[in-house]
Every structure is written in C-alpha cells, then in structure tokens.
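Peer 1: This is the structure I have questions about; it appears just below.
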Amino acid sequence: MLDVRRILLFTEVARRGSVTATARALNYTPSAVSQQVSRLEAEAGQPLLQRHARGVTLTDAGRALAMRGQRIERELTAAENELADFAGLRAGTLRIGTFPTVGASLLPRAVIAFREAHPDVTLTVRSARIAGLWAMLENREIEMSLMWDYDWNRIDREDIVVTPLADDPPALLVSKDHPLADRPMAALADFADDPWITRADHHPVAEALARSCHTAGFEPRIAYEAHDYQEAQAMVAAGIGVALAPTLALEGIRSGVSVLPLQPPAPVRRILLVRMSDHILTPAAQSFAGFLRDSATAGTSAGQGLDPVAERAPGGASAPSGARRDAWASARRR
C-alpha cells in the first residue's frame, strides 16, 4: 500500500517543481526528501519523477499521483476542520464566502442586520472567485457561500444544496454623450456597430456578452478588456465603447455613464446560496440565510432591478420575525 505521508511529500515536490525547494520549505534536507520519493517510487513500482539539473519533471504516473495527492490534502483539511468544529473551537463563529459584486451590494445589509441580531457571534467573510469559493466549501473553511450561475452553466452537483436568492439581470452601460443614452430601454441589436468593453481573463460576463450578441445577430467588436466593473465604467465614460454589466455591479455609477435596462432576451444570472449537502447549517447560518433573502427582497423594493426567487412565507411575502425582523428594520434605516 502507498504511504500517505510520502504521497503528500511527493505532491509538494510536484507543486514546487524541485526537491531542493521542497526541502527548504519543509525544513528537510534534500537527501531526505529524495529518499522518501525514491521509496514511494518503489511502492508504486514505476518512476514518478524525471530528475535533471534544473529541477524535476513528472512522469505520466507522477502527474496522476500528484492529482490524487491534492485531493488527499483537501480531504485531510476538511477532516481537520470538521474535528475542530466537534471540539468547539469554532463555537460562536459563522464563516461564509462571497464574490465581489454581491460583497458590494446585497451582503452589507445582511451583515449589519445579523450583527445587530446576534452580537456575540463572530462573522467571518471570505471573498474569492468561484474556484476559490468551491475550494473553501469543500475544505469546510466556510459553512456556506454566495455564488452565481447562468442558464448555460448551471451549478448542478449532487453533493451540494443550492438556494436561489435572486435573478440579477444585466444592463447596458453607455456614455452620456452616446446618441442612445436617453432611451428608457435598449436592445443589443441597436448597438451592433458600437465598440464593446468586456471583462478580461475569460470572465463569465465576457461569455455572456458574446452569447447575447450572437443571439442578437452580430459579433461584438471588442475595444477594451477591463479587470473590474469600475474600470469598465471609466472606459465607457471616456467613450471607448459600451459595456454589459449585471445589475449588482452597478452600485456607485460614475458621472458620464448612463445605464440602460436591456430588453429581453438578456443573460440573467442567478444569485445563489450554496452549502455542501453533508453539512447541516448551524442556527447562526440559518439566521444569516434569512437576512440574505431579506436583502434580496430589499434590493427589489429599492429599485435595483433584482427579481427575488427565494422561498417565501405563505401569502408571498418574506417573513422575518422576532430579533431578525427588528435587526433588519434597523439595518435598512442605515
């Protein structure tokens, strides 16, 4: 049987690309690391590394084993966090994940209300891209996370529980000097000849833009790739092009930019609350989920353009009660 400790050591070598770098990081001698890797190769019955002067290269078997090692690391981290929970080391702490646009819009209202309702509970919020949020959920570093998806890439895993909170429709950002800036609503086809500002680094909004434009019958001419929505707004205000953005990304519109609601069809993303199915939410997490639903409803009543899709109480209205209702009322007054 393969030795798990040697697999983990080998995984670190694969990650760092060098026996020497691994030894330095783990405070081992290079010969000790090399010896353990050689023993693992003997256990595996085949070479896992190709050694050369500038480091190491993984064999096909080595790459496969390194991927397994990464999974073992995640499972061990998850086990450690679960045992810490059982021991009460995180008693009174709620750990949640979020992503930037929700962190700047729906989340703050829920945080304020939760802290007023439960002042003795420590709330920790971690913000990351989707891949990072998945890793933290699987490792049990967070109890639940805000996420999003589009209809062409629905989050659909058997090991999670997904609660939809709201639909987040897109809007079109144009310069106030644009000939169509005063329209009450816009269609993408009206801007087929305009240059477009999109998101860089294969951001999902870039795919949403491409899909929407193709549906409208044209290929968008990309003039600028922005790394966040504030940068995109700045380029729109400068007249470089027009841009597509989710409603929740429109907190704090800069001068020189007009926001035009889009006529259907438009790529609506869902705002979701996600947890692992084998994790039962604590009372604190259940309470916070209620405040998030309230915040989504408040975003609709405040004219943000959101469409709440969360579960409702009988009669169709959200039903905060007791301390949650009082704290929520206070948070909305801020």
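Peer 1: Scanning for something within 30 Å of Trp134 (Cα to Cα) and not β-branched (Val, Ile, Thr), does segment 32-43 turn up at least one residue?
Peer 2: Looking only at segment 32-43, we keep the residues that are within 30 Å of Trp134 (Cα to Cα), and these are none.
No, segment 32-43 contains no residue that is within 30 Å of Trp134 (Cα to Cα) and not β-branched (Val, Ile, Thr).
Peer 1: Tell me, which residue of segment 1-56 that is of a type in the set (S, T, N, Q) and assigned to a helix (DSSP H, G or I) is surrounded by the fewest Cβ atoms within 10 Å (Cβ to Cβ)?
Peer 2: Pass one, segment 1-56, residues of a type in the set (S, T, N, Q): 11, 18, 20, 22, 27, 29, 31, 34-36, 38, 46, 50.
With assigned to a helix (DSSP H, G or I) added as a condition, the list becomes 11, 20, 22, 31, 34-36, 38.
Numbers: Thr11: 21, Thr20: 15, Thr22: 23, Ser31: 10, Ser34: 19, Gln35: 13, Gln36: 18, Ser38: 14.
By that ranking, first place goes to Ser31.
Peer 1: Looking only at segment 182-201, count every residue that is under 17 Å from Gln230 (Cα atoms) and open to solvent by less than 60 Å² (accessible area, probe 1.4 Å) and tell me the total.
Peer 2: Here is the first cut: in segment 182-201, the residues under 17 Å from Gln230 (Cα atoms) are 196-201.
Still in the list and also open to solvent by less than 60 Å² (accessible area, probe 1.4 Å): 196-200.
So the answer is 5.
Peer 1: Looking at Leu209, Leu146, Leu173, which one is of a type in the set (A, V, I, L, M), within 21 Å of Val268 (Cα to Cα) and modelled with pLDDT under 95?
Peer 2: Details: Leu146 fails: modelled with pLDDT under 95; Leu173 fails: modelled with pLDDT under 95.
When all the criteria are applied, what remains is Leu209.
Peer 1: Then there's this: Quick one: is Ser175 hydroxyl-bearing (Ser, Thr, Tyr) and over 30 Å from Ala238 (Cα atoms)? Step through it out loud before you land on a result.
Peer 2: Numbers: hydroxyl-bearing (Ser, Thr, Tyr): yes; over 30 Å from Ala238 (Cα atoms): no.
No, not satisfied.
Peer 1: Can I ask one more? Could you tell me whether segment 271-286 includes any residue that is at positive phi and either buried (at least 18 other Cβ atoms within 10 Å of the Cβ) or charged (D, E, K, R) (or both)? Spell out how you get there, then give the answer.
Peer 2: Residues of segment 271-286 at positive phi: none.
No; the residues of segment 271-286 include none that is at positive phi and either buried (at least 18 other Cβ atoms within 10 Å of the Cβ) or charged (D, E, K, R) (or both).
Conditions tested, residue by residue: (1) among the small types (Gly, Ala, Ser); (2) farther than 18 Å from Gln233 by Cβ; (3) open to solvent by less than 10 Å² (accessible area, probe 1.4 Å).
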{"site": "Glu141", "(1), (2), (3)": "no, yes, no"}
{"site": "Arg154", "(1), (2), (3)": "no, yes, no"}
{"site": "Val161", "(1), (2), (3)": "no, yes, no"}
{"site": "Leu165", "(1), (2), (3)": "no, yes, yes"}
{"site": "Ala171", "(1), (2), (3)": "yes, no, yes"}
{"site": "Leu180", "(1), (2), (3)": "no, no, no"}
{"site": "His203", "(1), (2), (3)": "no, no, no"}
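Peer 1: Within segment 95-112, take every residue that is touching a Ser or Thr at 6+ places or on another chain (Cβ under 7 Å) and aliphatic (A, V, I, L, M) and give me the one that is surrounded by the fewest Cβ atoms within 10 Å (Cβ to Cβ).
Peer 2: Going residue by residue through segment 95-112, those that are touching a Ser or Thr at 6+ places or on another chain (Cβ under 7 Å) are 95-100, 103, 106-107, 109-110.
Next, only the ones that are aliphatic (A, V, I, L, M) stay: 96, 106-107, 110.
On the way: Ile96: 26, Leu106: 28, Leu107: 21, Ala110: 27.
Selected residue: Leu107.
Peer 1: For the condition more than 30 Å from Arg6 (Cβ to Cβ) and touching a residue at least 40 places away in the same chain (Cβ under 8 Å), what is the one hit in Gly69, Gly97? Quick ask: steps written out before the conclusion?
Peer 2: Values: Gly69 fails: more than 30 Å from Arg6 (Cβ to Cβ).
Matching residue, one of Gly69, Gly97: Gly97.
Peer 1: Can you go through Leu248, Leu260 and tell me which one is farther than 25 Å from Pro108 by Cβ and either free of Cβ contacts under 8 Å to residues at least 24 places away in the same chain or open to solvent by less than 10 Å² (accessible area, probe 1.4 Å) (or both)?
Peer 2: After applying the criteria, what remains is Leu260.
Peer 1: When you check Glu73 against the structure, is it open to solvent by 80 Å² or more (accessible area, probe 1.4 Å) and assigned to a helix (DSSP H, G or I), yes or no? Before the answer, list the steps.
Peer 2: Details: open to solvent by 80 Å² or more (accessible area, probe 1.4 Å): no; assigned to a helix (DSSP H, G or I): yes.
In short, no.
Peer 1: Would you point out which residue out of Ala232, Ala210 is open to solvent by less than 50 Å² (accessible area, probe 1.4 Å), closer than 19 Å to Ala187 by Cβ, part of a helix (DSSP H, G or I) and free of Cβ contacts under 8 Å to residues at least 60 places away in the same chain?
Peer 2: Values: Ala232 fails: closer than 19 Å to Ala187 by Cβ.
It is Ala210.
Peer 1: While we're here: Filter segment 41-51 down to the residues that are free of Cβ contacts under 8 Å to residues at least 40 places away in the same chain, of a type outside the set (D, E, K, R) and more than 14 Å from Ala21 (Cβ to Cβ) and list them by number. Quick ask: steps written out before the conclusion?
Peer 2: Taking segment 41-51 and keeping what is free of Cβ contacts under 8 Å to residues at least 40 places away in the same chain, we get 41-42, 45-51.
Now narrow it down to the ones that are of a type outside the set (D, E, K, R): 42, 45-50.
Correct list: Ala42, Gly45, Gln46, Pro47, Leu48, Gln50.
Peer 1: Also, I was wondering about something else. State yes or no: is Ala66 closer than 30 Å to Arg269 by Cβ, surrounded by 13 or more Cβ atoms within 10 Å (Cβ to Cβ) and touching a helix residue (DSSP H, G or I) at 6+ places or on another chain (Cβ under 9 Å)? Don't jump to the end; show me each part of the working.
Peer 2: Values: closer than 30 Å to Arg269 by Cβ: no; surrounded by 13 or more Cβ atoms within 10 Å (Cβ to Cβ): yes; touching a helix residue (DSSP H, G or I) at 6+ places or on another chain (Cβ under 9 Å): yes.
In short, no.
The values are calculated or read from the model by the stated rules, or taken from the named source; none is laboratory data. Remember, predicted model here, so these are calculated numbers, not experimental data. When we count neighbours, we look across all protein chains shown, and the Cβ atoms used for this are built from the backbone with ideal geometry, even at glycine. To get the accessible areas, we keep the full protein, side chains included, count just its heavy atoms, and leave off ligands, DNA and RNA. Shrake-Rupley method; radii C 1.70, N 1.55, O 1.52, S 1.80 Å.
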